[in-house]
Structure formats: C-alpha cells, structure tokens
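What follows is one structure encoded as structure tokens, with my remarks underneath.
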Amino acid sequence: MARPEKITEVEAITERMQKSQCLILTDYTGLTVHAMTAFRRNCRDKGIDCRVVKNRLARIAATNTGMELLNDHLKGPTAVLFGMVSQVEAAQIAVAFAKDNDKLKIKGGFVDGKFLDPSQVVALSKVPSREVLLSMMMGSVNAPARGLAVTTNGVAAALCRAIDAVAKQKAA
C-alpha cells in the first residue's frame with residue numbers, strides 16, 4: 001500500500017501538471033549547489049515553478065494527466081519546470097541557463113498535449129513572449145491608421161505652405 005506522503009506528492013505533481021501551460025524536463029547532473037540555487041532563483045523570479053521530482057511519482061502523475069509521453073524521459077536526476085503563466089518563459093530560462101552551464105541538459109518538454117524534444121524546446125525559447133507578440137500585432141493594426149493620418153496631415157501641411165508662399169509673394 002502506498003504511503004500517504006507519496007500519495008500527497010503524486011497529487012501535488014498531478015495538479016501542477018494540469019495547471020501548467022508548459023513543462024520542461026532537465027537533467028541537473030553535475031551542477032553545483034550554488035549553480036542549482038541560482039537556477040531555481042531565476043525560475044522563481046520569472047514565476048516558474050522548478051521542482052526536483054522522484055521519477056516514479058512523476059510517471060504516475062504523467063499517466064494521471066494523459067502525458068504518458070513524458071514517462072520515457074523521466075530517468076536519472078530530473079528537475080521539472082512548470083510554466084504556469086507562459087508557454088515560452090520556462091523554455092527561455094532553461095535554454096539560457098543551459099548555455100551558461102553545460103552541465104544542465106534539457107531532456108524535453110510538453111506543450112499543448114505534445115511532447116517536445118530538446119531541439120524543439122530550444123526553438124520554443126526563441127519565440128517572443130506573449131506581451132511582445134501583442135505589441136507587434138497592435139503595431140501592425142495601428143500602422144494603416146497612422147499612415148493615413150500622416151498622409152492626410154502631409155497634404156494639409158503642403159497646402160498651408162503653398163498658401164503661405166503665395167501670401168509672402170503677394171506681400172512683397
């Protein structure tokens with residue numbers, strides 16, 4: 001029979017998996033305590049939940065949430081990054097930290113019901129954040145109206161300059 005602590009831990013992992021928009025699996029073998037603390041601090045600052053999980057318990061939670069594809073990658077020391085707010089930020093943090101610390105390895109990820117291999121996680125990290133994409137879209141939506149306003153203003157300004165030139169010419 002399962003111990004109550006393990007049942008509670010499986011339920012907690014399952015809940016995080018269900019609530020998260022993005023999961024990134026990392027192997028932290030060889031990282032120093034100082035480096036791992038810095039990594040967790042980076043995650044916490046961005047609102048990413050970084051947890052070192054027992055693989056067996058994470059497999060049970062993955063099966064409970066329909067993420068069975070993760071089970072093959074839950075081997076060895078595993079830290080899971082749960083991106084609760086954004087699908088991109090967890091990947092960005094993991095990839096940026098892995099560039100600086102070659103000991104951190106990205107095992108894969110899970111977004112929108114699909115497993116991502118490490119190269120796809122790197123590609124995901126290059127996608128701009130939601131706020132940047134929204135601002136780009138709003139700039140595109142605003143561009144035609146701005147262009148019309150500038151053109152209309154240009155015509156009126158040219159007419160004013162022509163009238164002013166004619167007035168100066170008649171005054172002279």
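Residues in region 75-98: is at least one farther than 25 Å from Arg41 by Cβ and modelled with pLDDT of 85 or more? Walk me through how you get there before you give the answer.
Looking only at region 75-98, we keep the residues that are farther than 25 Å from Arg41 by Cβ, and these are 75.
Next, only the ones that are modelled with pLDDT of 85 or more stay: 75.
Within region 75-98 (the criterion being farther than 25 Å from Arg41 by Cβ and modelled with pLDDT of 85 or more), the answer is yes, since at least one residue qualifies.
Would you confirm whether or not region 25-33 contains a residue that is without any contact (Cβ under 8 Å) to a residue 60 or more places away in the chain and either of a type in the set (D, E, K, R) or surrounded by fewer than 16 Cβ atoms within 10 Å (Cβ to Cβ) (or both)? Walk me through how you get there before you give the answer.
Pass one, region 25-33, residues without any contact (Cβ under 8 Å) to a residue 60 or more places away in the chain: 32-33.
Within this subset, residues satisfying the condition of being either of a type in the set (D, E, K, R) or surrounded by fewer than 16 Cβ atoms within 10 Å (Cβ to Cβ) (or both) are 32-33.
The answer is yes, given that some residue of region 25-33 is without any contact (Cβ under 8 Å) to a residue 60 or more places away in the chain and either of a type in the set (D, E, K, R) or surrounded by fewer than 16 Cβ atoms within 10 Å (Cβ to Cβ) (or both).
For Ala165, are the conditions met, namely being more than 30 Å from Val88 (Cα to Cα), in a helix (DSSP H, G or I), more than 41 Å from the chain's Cα centre (by Cα) and modelled with pLDDT under 85? Working first, answer last.
Details: more than 30 Å from Val88 (Cα to Cα): yes; in a helix (DSSP H, G or I): yes; more than 41 Å from the chain's Cα centre (by Cα): yes; modelled with pLDDT under 85: no.
So Ala165 does not fit the description; no.
Restrict the check to region 61-81 and report whether at least one residue is crowded, with 17+ Cβ neighbours inside 10 Å, assigned to a strand (DSSP E or B) and either β-branched (Val, Ile, Thr) or out of contact with any Cys (no Cβ under 8 Å at 6 or more places or on another chain) (or both).
To start, the set of residues in region 61-81 that are crowded, with 17+ Cβ neighbours inside 10 Å comprises 61-62, 65, 67, 70, 73-74, 78-81.
Add one more test, that the residue is assigned to a strand (DSSP E or B), and what stays is 79-81.
Still in the running and either β-branched (Val, Ile, Thr) or out of contact with any Cys (no Cβ under 8 Å at 6 or more places or on another chain) (or both): 80.
Within region 61-81, one or more residues are crowded, with 17+ Cβ neighbours inside 10 Å, assigned to a strand (DSSP E or B) and either β-branched (Val, Ile, Thr) or out of contact with any Cys (no Cβ under 8 Å at 6 or more places or on another chain) (or both).
For region 54-111, which positions are under 24 Å from Gly30 (Cβ atoms), free of Cβ contacts under 8 Å to residues at least 60 places away in the same chain and charged (D, E, K, R)?
Once the filter is applied, which keeps residues that are under 24 Å from Gly30 (Cβ atoms), free of Cβ contacts under 8 Å to residues at least 60 places away in the same chain and charged (D, E, K, R), region 54-111 yields Lys54, Arg56, Arg59, Asp72, Lys75, Lys99, Asp100, Asp102.
The values are calculated or read from the model by the stated rules, or taken from the named source; none is laboratory data. Just so it is clear, the structure is predicted and the values come from calculations on it, not from any experiment. Cβ coordinates were reconstructed from backbone atoms using ideal geometry, including for glycine residues, and neighbour counts include every protein chain displayed.
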